Amino acid sequence: MTAAVDAPEQESWFHRNQQRIAPWLFLAPGLLFFMVYVIIPVFQSFNLSLYEWDGLGAAEYVGFRNYENLYWELYDRDAFYISLKNNLIWLILYLAAIPAGLFIALFLNQTVWGIRLYKSLFFFPFVISQVVVGLVFTWFYDPTFGLLNEFLGFFGLGPLNVLGDERFVTYGIIFAGLWPQTAYCMILYLTGLNAVDPEQIEAGRLDGAKSWRMLWHIILPQLRPATFIAFVVTIIGALRSFDLISIMTQGGPFGSSRVLAYYMFEVALSEYGFRMGYGAAIAVILFLIMLCFIAYFLWSMYREEKGH
């Protein structure tokens, strides 16, 4: 007597590819939000930059006239030139937050008495609002009762109106922004230091590596992911700086502290503006500048990973 052998059931396509599909199902909500709130608005901004529109009436197609006007502002060293120049100053000086955050993280990574208190003090700037930071430094720079001028007066120096002087105002605001940005970079490096291989450090000590050689050849190579994130976040923060300028100077004095983000707000949304297309053109240029820097760092990271 022969027993009938049941044929195995045919597996569905979903079951056969379940491991491949599962990650995309988890990523789908995030990708959807990123598409709706980031990618689509980018293309809408570029499309809007080709129109002249006051936000209420009918939009008039003007082609690349808004970009031509920005070029002439750049050529004549007008508002767009000042904003772009200030953004470059922000970009260069803001990068100081990365080495500052690294050295603070190296200090806080030690096991010494009271280290939790030190960590709390250095972490504090990261959790407070940028509005609070702007107000605190506005009082700090005040020429009548600010601590800065009290300190300068102790050495017999005259009062210095940092936020009212075209020569110093941008640097004063950048210094205020460096306070919380350094704290953010410190947190990134503290996280990265927890993943440093102790065996490599011990091997370096056996080979005679100390202090700077240990940092340069053993610790920093293992902190490359944290350094990459710190660079990207710091560059984006420098290029999109808006809140501190709005709180501390509102672009003054005489527009000398405005940057591209604040100039975009002025021409598009402030009481002097309602030029939506012109503001969108500034936003597109700011986005392209950010994209160039981020693409460069991504390409550098890809080459390093490929080389390994």
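The values are calculated or read from the model by the stated rules, or taken from the named source; none is laboratory data. Since this is a predicted model, take the numbers as computed values, not measurements. Every residue, glycine as well, gets a Cβ built from its backbone with ideal geometry; the counts of neighbours run over all protein chains shown.
Results, tabulated for the structure shown:
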item: Selection status of Gly114, modelled with pLDDT under 85 and either farther than 15 Å from Trp179 by Cα or surrounded by 12 or more Cβ atoms within 10 Å (Cβ to Cβ) (or both); result: yes
item: Filter pass, Leu121 being more than 23 Å from Arg240 (Cβ to Cβ), modelled with pLDDT under 90 and not hydroxyl-bearing (Ser, Thr, Tyr); result: yes
item: Pairs, first surrounded by 10 or more Cβ atoms within 10 Å (Cβ to Cβ) in segment 283-308, second of a type in the set (Lys, Arg), C-beta under 8 Å, six or more apart; result: Leu286/Arg240; Met290/Arg240; Met301/Arg224; Glu304/Arg224
item: Breaking point among (1) within 22 Å of Leu93 (Cβ to Cβ); (2) in contact with a strand residue (DSSP E or B) (Cβ under 9 Å, 6 or more places away or on another chain), for Met276; result: (1)
item: All positions within segment 54-104 that are of a type in the set (Gly, Ala, Ser), part of a helix (DSSP H, G or I) and closer than 19 Å to Phe265 by Cβ; result: Ala79, Ser83
item: Hits in segment 53-83 - residues which are touching a Gly at 6+ places or on another chain (Cβ under 6 Å) and surrounded by fewer than 17 Cβ atoms within 10 Å (Cβ to Cβ); result: none
item: The lone exception for Ser120 - which of (1) loosely packed, with under 12 Cβ neighbours inside 10 Å; (2) in contact with a helix residue (DSSP H, G or I) (Cβ under 6 Å, 6 or more places away or on another chain); (3) among the polar types (S, T, N, Q) it fails; result: (2)
item: Close pairs from segment 80-104: first over 14 Å from Ala230 (Cα atoms), partner basic (Lys, Arg) and not in a helix (DSSP H, G or I), Cβ under 6 Å, at least 6 apart; result: Ser83/Arg258
item: Residue match in segment 153-163 (condition: in a helix (DSSP H, G or I), touching a helix residue (DSSP H, G or I) at 6+ places or on another chain (Cβ under 9 Å) and under 16 Å from Leu106 (Cβ atoms)); result: no
item: Within segment 210-240, considering residues that are farther than 29 Å from Pro180 by Cβ and surrounded by 17 or more Cβ atoms within 10 Å (Cβ to Cβ), the one nearest to the chain's Cα centre (by Cα); result: Ile218
item: Subset of segment 31-46 (residues that are within 22 Å of Ser270 (Cα to Cα) and either without any contact (Cβ under 8 Å) to a residue 12 or more places away in the chain or in contact with a strand residue (DSSP E or B) (Cβ under 8 Å, 6 or more places away or on another chain) (or both)); result: Pro41, Gln44
item: Test: residue in segment 110-127 that is basic (Lys, Arg) and in contact with a strand residue (DSSP E or B) (Cβ under 8 Å, 6 or more places away or on another chain); result: no
item: In segment 105-120, residue nearest to Cys185 (Cα to Cα) [restricted to those that are outside any helix (DSSP H, G or I) and polar (S, T, N, Q)]; result: Asn109
item: Filter result (under 13 Å from Trp179 (Cβ atoms) and either surrounded by 12 or more Cβ atoms within 10 Å (Cβ to Cβ) or in contact (Cβ under 8 Å) with a residue 12 or more places away in the chain (or both)) within segment 123-134; result: Phe123, Phe124, Pro125, Phe126, Ile128, Gln130, Val132, Val133, Gly134
